[in-house]
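Worksheet: one structure, shown below.
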Amino acid sequence: MVGDGIGGFDIERAALELKMPDDHEVQIAIAIGRRGERDALPEAFRPLEQPNARLPVSETTRAGSFLG
């Protein structure tokens with residue numbers, strides 16, 4: 001699994017959909033999915049796909065909302 005940051009999302013709607021408690025706030029949205037083939041990317045994006053030292057998504061996320 002890989003993640004990619006998303007800009008320009010609706011912060012209030014995200015908090016509502018996630019049933020976030022009032023003492024929490026949304027800071028970022030991340031698209032999570034399976035890594036595709038590098039060659040399927042447009043040529044301009046291929047150099048950006050490099051291995052990194054980030055933790056696996058499975059170690060930093062959980063599924064579901066705050067209340068169920």
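Values quoted throughout were computed directly from the atomic coordinates according to the rules given, and no laboratory measurement underlies them. From a predicted model like this one, the values you see are computed outputs, not experimental measurements. Reconstructed Cβ throughout: ideal geometry from the backbone, glycine too, with neighbour counts over all protein chains shown.
Among Pro21, Pro56, Pro47, the largest mean-square fluctuation in a Gaussian network model of the chain (Cα springs under 10 Å) belongs to Pro47. The amide H of Glu49, built 1.01 Å from its N in the peptide plane, has no neighbour under 5 Å, considering only residues 5 or more places off or on other chains. Pairwise alpha-carbon distances in the chain exceed 18 Å for 52% of all pairs. Each Lys and Arg contributes +1 and each Asp and Glu -1, all at the Cβ; summed about the Cα centre of the chain, the dipole is approximately 280 debye.
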